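The values are calculated or read from the model by the stated rules, or taken from the named source; none is laboratory data. If you're wondering where the values come from, they're calculated on a predicted model, not measured in any experiment. Every residue, glycine among them, receives a Cβ derived from its backbone with ideal geometry; neighbour counts consider all protein chains shown. Areas reflect the complete protein model, heavy atoms only, side chains present, ligands, DNA and RNA absent. Shrake-Rupley method; radii C 1.70, N 1.55, O 1.52, S 1.80 Å.
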Amino acid sequence: MSATSSPRRAAVLGHPVAHSLSPVLHRAAYAALGLEGWTYEAIDTTEEQLPALVNGLDASWAGLSLTMPLKHAVIPLLDHVDPLANVVGAVNTLVVQPTGGRRPTFVGTNTDVHGLVAALREGLGERDARTAVVLGAGATAASTLAAFAQLGCTDPTVLVRSLGRTGTLQRAAHRMGVEPRFEVLDPASPALAARLAGADVVVATLPSRAADPVADAVTASGAALAGVLLDVVYDPRPTALSAAWARAGGTVVGGERMLLHQAAEQVRLMTGRVAPLDAMDRALGAALGVPA
């Protein structure tokens with residue numbers, strides 16, 4: 001899809017969504033690409049409100065970024081879902097493709113996997129990801145399994161608070177040909193620290209503060225860590241888990257790195273132009289108060 005000369009609209013949808021840094025990233029990209037008149041906003045949207053909003057999109061729109069729980073809810077509203085998003089079972093990007101008719105075509109894609117792979121490669125460098133662990137079983141965990149597969153690990157461990165809530169993730173894993181081991185996440189178990197210490201890569205997909213007991217377990221164990229941790233949460237920054245991981249000697253990749261890379265792929269899909277990653281990175285750093 002090629003960017004048109006006329007201004008287009010885009011937005012991130014979620015509930016809540018006011019905290020999102022997506023507008024910072026996309027607006028920085030539009031400015032760097034010289035896309036005058038292009039706009040990107042945050043629109044608080046519930047699952048119940050989503051169908052009316054999507055069905056009201058016209059050719060003036062370039063696309064939407066979607067947060068949970070809309071990543072699942074949007075799928076029945078789409079004309080096409082790309083193979084990766086279909087396998088993962090989550091769409092975080094809706095691309096509006098004008099058709100010349102009254103209603104454009106809506107295409108669903110998943111850029112979270114791209115963001116995860118790119119962010120983890122920043123931490124891994126030339127190292128392999130032979131052993132991997134994901135904390136959590138939501139939509140981001142499904143994208144994480146796909147990212148692990150791209151990095152060469154198809155038998156990761158999934159640590160969850162309730163095995164009874166893993167059905168959706170198990171089905172997604174089956175579709176993508178990944179064979180994870182599902183275990184209960186028990187911060188009080190001495191086996192947890194050993195499991196994390198033996199991993200080349202760990203991705204925490206738990207909500208903000210939910211991984212704090214895992215951080216306490218890492219600190220209490222005194223174990224030395226050599227692997228890479230990506231905590232998708234970036235507020236607070238650093239998270240308790242990221243801080244504990246760094247103190248134990250491990251490599252930490254902030255969740256904002258995933259956000260940056262997945263947004264860059266969204267910009268490419270919505271504008272048809274290569275995303276200006278450096279400009280987006282500078283804008284993200286400024287928003288987070290990171291010294292240039």
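Structure above, values below:
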{"item": "Cα→Cβ-extended label distance, 7 Å offset, between Asp278 and Glu48, nm", "result": "4.9"}
{"item": "Glu41 versus Asp79: modelled label distance in nm, points set 7 Å from Cα along the beta carbon direction", "result": "2.5"}
{"item": "Built amide H within the under 5 Å cut-off of Phe182, gap 5+", "result": "Val158"}
{"item": "Charge dipole (debye, nearest 20) of the stretch 166-239; +1 at Cβ of Lys and Arg, -1 at Cβ of Asp and Glu", "result": "220"}
{"item": "Solvent-accessible ranking of Thr131, Thr168, Thr93, Thr140, largest area first, probe 1.4 Å", "result": "Thr168, Thr131, Thr140, Thr93"}
{"item": "Length added when fully stretched, Ser208-Ser60, from 0.36 nm per residue minus Cα-Cα", "result": "49.7 nm"}
{"item": "Accessible surface of the stretch 218-292, 1.4 Å probe, proportion on carbon and sulfur as whole %", "result": "56"}
{"item": "Dipole in debye (nearest 20) - the chain, about Cα centre, beta carbon charges: Lys, Arg +1; Asp, Glu -1", "result": "220"}
{"item": "Cα-based shape type of the stretch 1-82, given that a ≥ b ≥ c are square roots of the gyration tensor eigenvalues and the cut on a/c is 1.5", "result": "oblate"}
{"item": "Gyration tensor (alpha-carbon) shape descriptor, the stretch 1-142, a/c threshold 1.5", "result": "prolate"}
{"item": "Shape of the stretch 160-292, Cα gyration tensor, a/c cut at 1.5", "result": "oblate"}
{"item": "Size of electric dipole in the stretch 158-292: Cβ of Lys, Arg +1 and of Asp, Glu -1, about Cα centre, debye, nearest 20", "result": "280"}
{"item": "Surface accessible to a 1.4 Å probe, per residue, for the residues of the chain, Å²", "result": "44"}
{"item": "Carbon + sulfur, % of accessible area of the stretch 102-202 - ligands and nucleic acids excluded, 1.4 Å", "result": "47"}
{"item": "Mean separation of Cα contacts under 8 Å (6+ apart) over length of the stretch 73-131, as relative contact order %", "result": "31"}
{"item": "Matching label, Cα Rg over 2.2 N^0.38 Å computed from the structure shown, candidates (1) 1.25; (2) 0.93; (3) 1.00", "result": "(3)"}
{"item": "14 Å cut-off, amide nitrogen to a point 7 angstrom out along Arg165 Cα→Cβ, residues in the stretch 55-91", "result": "69"}
{"item": "Within the chain, helix-based [θ] at 222 nm, where runs of 4 or more DSSP H residues each add -39,500 (n - 2.57), nearest 500", "result": "-11500 deg cm²/dmol"}
